[in-house]
Structures are given as C-alpha cells and as structure tokens.
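Each remark here refers to the structure printed beneath this line.
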Amino acid sequence: MTENITDNSLQDENQIIALRREKLNQLRQEGIAFPNDFRRDAFAGDLQKRHNASDKETLENQNISVKVAGRIMLKRLMGKASFVTLSDMTGRIQLYIQKDKVGEDVYNAFKHWDLGDIIGAEGQLMKTNHGELSVRVVSIRLLSKSLRPLPEKHLGLTDQEQKYRQRYVDLIANQDSKDIFIKRSQIIQTVRQAMINERYLEVETPMMHPIPGGASAKPFVTHHNTLDIDLYLRVAPELYLKRLVVGGLERVFEINRNFRNEGMSVRHNPEFTMIEFYEAFADYKRMMEMTENIIRACAQQVSGSLKITYNNQEVDLEKPFERLTIIEAIKKYNPQYTDEQLSDENWLKKEIVKHGEEIPHATGLGSLQLALFEGCAESRLWNPTFIIDYPVEVSPLARASDAQPHLTERFELFVVGRELANGYSELNDPEDQSARFKAQVAQKDAGDDEAMHYDADYIRAMEYGLPPTGGCGIGIDRLVMLLTDAQTIRDVILFPQMRPE
C-alpha cells in the first residue's frame, strides 16, 4: 500500500483518500492510531537561527539532541537512507533517516507514510555534505495520519476561493499566506503595546446591543429568547467606550470585532476588526498624532522600514502625514473646479452622478461636497493624507468647530486610496447630541437604513458630564492589507465570509 508521491497530480483524489484510509485502518489494527505522548523540545525555525551557521564538524562535536514534530512536506526515499522535510509553526528542517539507526520495522513503516502526515522525531543535529542543517534521526513516529493529499508542491493552493474556504490547506501549502497572518498578529501586538505605553486601559464592551450605535451602518439583528428582545451585533463600540470615559476611565481602547450588514468588496467583509480608543482632555489633533505613531510603529515592526511598497508603488510613512480639507483635496486633484461650482448644490449633484456616486441621503452642501470628494479625489490619495473638518450633517457624534459651526473637528485618514482611520473631537454637549440623534432618526424614517437610532441611555450618561475627549478608530484589516501588500481584505482575514458551497 504505497502512494506514488511523484504522480499525485495524475491520480484521482478519491483513490488517494481510499488508499490512505486503508493505511489508517491498518494502523488501528496495530495499536493506537493517533498517539498523544510525544513531546517536542525544539522548533525548526529556532534550530535554523541558532545552528545554521555552524559547520559540520562543530555540530558533530557538540552532539546536540533534539525532539522535533511537524508535517511531512517532502520525502525522498533512497534505499537504506531517506530524507524528509518537516514543517512546523516556525519553519522547516530536514530529517535524515537511516534504516540501521531506527530499525528495519520502523524504517519499512516510514516508507509508507505520506506527504501531509504528522510525525515526531528524535535525533542529533548534523550538517549534510551539501551544508544543510538536518536531524540524524534515532527514533521516529507517526502521530497523525493525513487522509487527504496536499496540493501539488510546485503549484501550491492557487484557486482563490478554495484558499478562503479551506484556509487550513492554504496555510499548509502557501508560506506567503502564513507570513501574512504572522504579521497580522505582530501588528495587533504592536498596536496594543503602543496604547499601553500611552497609559491606555484595554477594556471589553458588549457585542450585542439593545440599540445599534457608534457608526452609520446597517446592523445584523438577533433575538434573545429569555429576555424576548431583539439585539443588534455591534456596528461599533464607541458609545460604550465613551460611557467609560464618563465613568472616569479617561484613556480606554478596545481591539474589537464589528459587524455590518452591508455589501462585500475587496475592502469590506461583514465582520471586521478595529481598534477604537478614547482619551479625555484631548482633541482630534492629538488623535491624528496617535494614529501616525501607531501606523509607523506597526510598519517598523513588520517591515523594518517606514517606506514600504504596495502594489509595486512606494508608500512613504516617514514624512508627516498631509492634512487637507475636503475642498482642498477636491481642488488638488481637480484644479478645473471653481469655488463657485463647489458651492452650487445643483452643480454638485450633477457632478456626483457623473463620477458614478449616489446623491447622499443627508441634505446640505457639506454632504454633497463629501460625495464629490469620494468620487473624484479619494482614490488618488496614495501617501497618507488626513482629510479634516467634515460637515456636521455626516458626523453625528463629532464636536462642531467653534470657528465654523457647520464643520466638525473630524478627520479620516486615507492611504493608497482607502480609508484607514476615522477620528474626531467628541461631541460632549448632551443637548446637541440629543438633537443630532433626532436628526438621524428623521433620516432613518426617510429611508436611510444606515442612519443612527436615538440612544437615551447614552444621553443620560453624557448628562453626568463627558470631559472634552478625542476618539479614533483604525481598521486593523486594512492596516494589515497595507503592511503586507495584500490586494483584498479576504487575504488578511483567516476565515472571510463566503457564500455556502
């Protein structure tokens, strides 16, 4: 019962699975098919870093014994000696297996093991004549039988939809995919440490809300049987985090999963990860500084540089991020537009449609200017750019400017033509907030599914006194996309939402 590993691609997969099931049945008859008593004491990647520079003689003299475990990725049978490439979470290492070292019975059993099988091996570190760090095996065991064949080694897992549906296979077959998710973890750790360094407190707030709030978005609805009430998966944690600021937790952050019942695209998944953070006695300028510092720290951690490449084009994270108003950004990339045109609502509506955008639900000159910006300038903001001073009608939770009451102290950060962060000086006037909630309810009644509800408890919290506060949210998925040169959000989410098979 041997599998011709060089001709896997030519065999029918069902035949391969049937053959492997026969092997598993034989293992069951011989004893425990899935043992769990092997304990490794070394990782492949660590051994490579520590000993790869040592020469053959040095390793022989040191006589270093190791126990390694992982998956068979390559296998070469050569009579009385064979080579196996073993892969674990840190990397790969070669095993050198000799019949006279492991015994004839074990060696004969080993010859029938397959690519994808999980094994444990014990032996001494050595260098081959070609200089490859290896383990000269003295004992080896099959720990877990793989019933399905791995993708062809030269092609990997290339079908995009299969990669997302079967991420477990993608991670086995594609080192690039594994590297993305290792970097994602490093980015989240770096973000967390950056917040802790600024004396922020990490908190957890509810994921099921009686009233959806904190963002303009259409929520998912569920039902709690015992309470017999509908609940909404959170679209944002903002209102709960600001309640905590009211309570005296003056610097808080949450790395949180959000859920929005909206369309899907290369930038949008129904569930996604953000960090939101709020700081008392701060404003949107402080939030922009924090955002710059966080992004630079993450870039340095995973890239070792503040000048990175995205889609074969350089992105400069080292220079101070540019700051433009909506009008300044429109005119920078469309110098033919005049101030008179940009103040004409009828002209703006025609131009918005011309750029393929929809006329916004929110009425007012500012919302029309924003829609035009999204159509004619947003995608051209390649290097990091803060768009600042958003209109009140599209910023229901942001503090209005004292100098220009029709604008808010709000920014959005754009990099490579995509929104990456959103922050503002928080509105802390409960009466103003109540009026803005009512305006949102009117928009909802007029047909805007993404408009906010009226949250009476949040207003009550504000009436106890919300300090002057700055707040910000950064999209973790989009930040990972930027720093790993990923072209779609599905490449940076381990299990993206898919249609049923």
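Going through the cross-link list K178/K218; K49/K319; K75/K101, which pairs have a Cα-Cα distance over 23 Å in this structure?
K178/K218; K49/K319
Can you pull the percent of the chain's accessible area that's carbon plus sulfur, 1.4 Å probe, other chains left in place?
47 percent
Explain nothing, just the number: relative contact order of the chain, from Cα pairs under 8 Å at least 6 residues apart, as a whole percent.
Answer for the chain is 12 percent.
What whole-number distance in Å separates the alpha-carbon centres of region 191-212 and region 84-142?
46 Å
How many Å² of accessible area per residue for the chain, probe 1.4 Å?
Using a 1.4 Å probe on heavy atoms only, each residue of the chain averages 50 Å².
Would you work out which of A33, L397, G304 lies farthest towards the positive end of the dipole of the chain? Charges go on Cβ: Lys and Arg +1, Asp and Glu -1.
Result: A33, furthest along the dipole toward the positive end.
Hey, what D do you get for the chain in µm²/s if you plug the Kirkwood alpha-carbon radius into Stokes-Einstein at 37 °C and 0.692 mPa s?
123 µm²/s
Based solely on its DSSP helices, what 222 nm [θ] is calculated for the chain when runs of n ≥ 4 H residues each add -39,500 (n - 2.57) and the sum is averaged over all residues, nearest 500 deg cm²/dmol?
Helices in the chain give a 222 nm mean residue ellipticity of -10500 deg cm²/dmol.
Multiply the residue gap between V203 and R92 by 0.36 nm, knock off their C-alpha separation, and tell me the result in nm, one decimal place.
Extra length from V203 to R92 when fully extended: 36.1 nm.
Could you tell me which helices of the chain pass both thresholds, a Cα extent of 24 Å or more along their own axis and a mean Kyte-Doolittle hydropathy of at least -0.5, with helices taken as whole DSSP H runs?
In the chain, the long hydrophobic H runs are 175-197, 284-303.
Between L365 and A442, what FRET efficiency follows from the Cβ-Cβ distance if R0 is 25 Å, with the result rounded to 0.05?
FRET efficiency, L365 to A442: 0.85.
To the nearest 20 Debye, how big is the dipole of the chain about its Cα centre, given +1 on the beta carbon of each Lys and Arg and -1 on that of each Asp and Glu?
It works out to roughly 2400 debye.
Run the 1.4 Å probe and let me know the accessible area of T90, rounded to the nearest 10 Å².
Approximately 60 Å² for this residue.
The values are calculated or read from the model by the stated rules, or taken from the named source; none is laboratory data. Fair warning: this is a prediction, and the values are worked out from it, not measured in the lab. Cβ coordinates were reconstructed from backbone atoms using ideal geometry, including for glycine residues, and neighbour counts include every protein chain displayed. Protein only, heavy atoms only, side chains kept; ligands, DNA and RNA dropped before computing areas. Shrake-Rupley method; radii C 1.70, N 1.55, O 1.52, S 1.80 Å.
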